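Student: Below is the structure I would like to discuss, written out as structure tokens.
Read-outs: derived from the displayed coordinates by stated rules, not from any lab. Here the structure is a predicted model, which is why all the values come from computation and not from measurement. No Cβ is skipped: glycine too gets one built from the backbone with ideal geometry, and neighbour counts run over all protein chains shown.
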């Protein structure tokens with residue numbers, strides 16, 4: 001299970017304070033609602049906002065972003081969120097748990113995983 005702590009959540013919420021898309025803040029609210037569980041939050045967000053992703057889990061969607069993310073890796077939350085959000089179709093709310101999942105794995109580990117995995 002990929003999860004983030006309340007402290008991490010608060011840290012990311014602070015970073016999003018001026019983010020232009022309210023969907024990102026909604027995603028953090030959903031993650032908080034599910035006690036930081038990124039996978040459960042992603043599932044709920046995809047049911048609400050992402051009909052095209054209902055059959056895709058968090059890990060699979062993160063793998064789909066690998067080439068884009070690893071071609072110009074950003075280790076900070078906002079930089080990585082912008083990369084992931086630019087790759088995925090809207091809404092940005094789905095990009096938030098994917099971004100946090102990648103950060104939780106660690107960008108170096110994520111980019112070193114085999115492309116076929």
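Student: Could you give the length gained by full extension between residue 104 and residue 14, i.e. 0.36 nm per residue of separation minus their alpha carbon distance, to one decimal place? Before the final figure, lay out each step's value.
Tutor: On the way: separation 90, 0.36 × 90 = 32.40 nm, distance 1.78 nm.
Here the segment from residue 104 to residue 14 would lengthen by 30.6 nm.
Student: Could you give me the percent of Cα pairs per 5 Å distance bin for segment 6-112, shortest bin first, beginning at zero and ending with the bin that holds the maximum distance?
Tutor: Result, from short to long distances: 2, 13, 27, 26, 21, 9, 1 percent.
Student: To continue, here is another question. What does the helix-only formula give at 222 nm for the chain: each DSSP H stretch with n ≥ 4 adding -39500 (n - 2.57), the total divided by the residues, and the result rounded to the nearest 500 deg cm²/dmol? Each step should come with its number before you reach the end.
Tutor: Values: 8 runs with 75 residues, N = 117.
Result for the chain: -18500 deg cm²/dmol, rounded to the nearest 500.
Student: Continuing with the same structure: When only C-alpha pairs under 8 Å and at least 6 residues apart count, what is the relative contact order of segment 1-108, in percent? Before the final figure, lay out each step's value.
Tutor: Details: 129 pairs, mean separation 35.6, N = 108.
Computed value for segment 1-108: 33 percent relative contact order.
Student: What full-extension length gain, to one decimal in nm, is calculated for residue 87 and residue 75 as 0.36 nm per residue of separation minus the Cα-Cα distance?
Tutor: Details: separation 12, 0.36 × 12 = 4.32 nm, distance 1.65 nm.
Result: 2.7 nm gained on full extension.
Student: I need 17, 5 ordered by Cβ neighbour count within 10 Å, fewest first. Walk me through the numbers on the way to the answer.
Tutor: On the way: 17 7, 5 10.
With the sparsest Cβ surroundings first, the list reads 17, 5.
Student: Which value in nm describes the separation of the simple spin-label points at residue 33 and residue 57, placed 7 Å from the Cα toward the beta carbon?
Tutor: About 2.2 nm, to one decimal.
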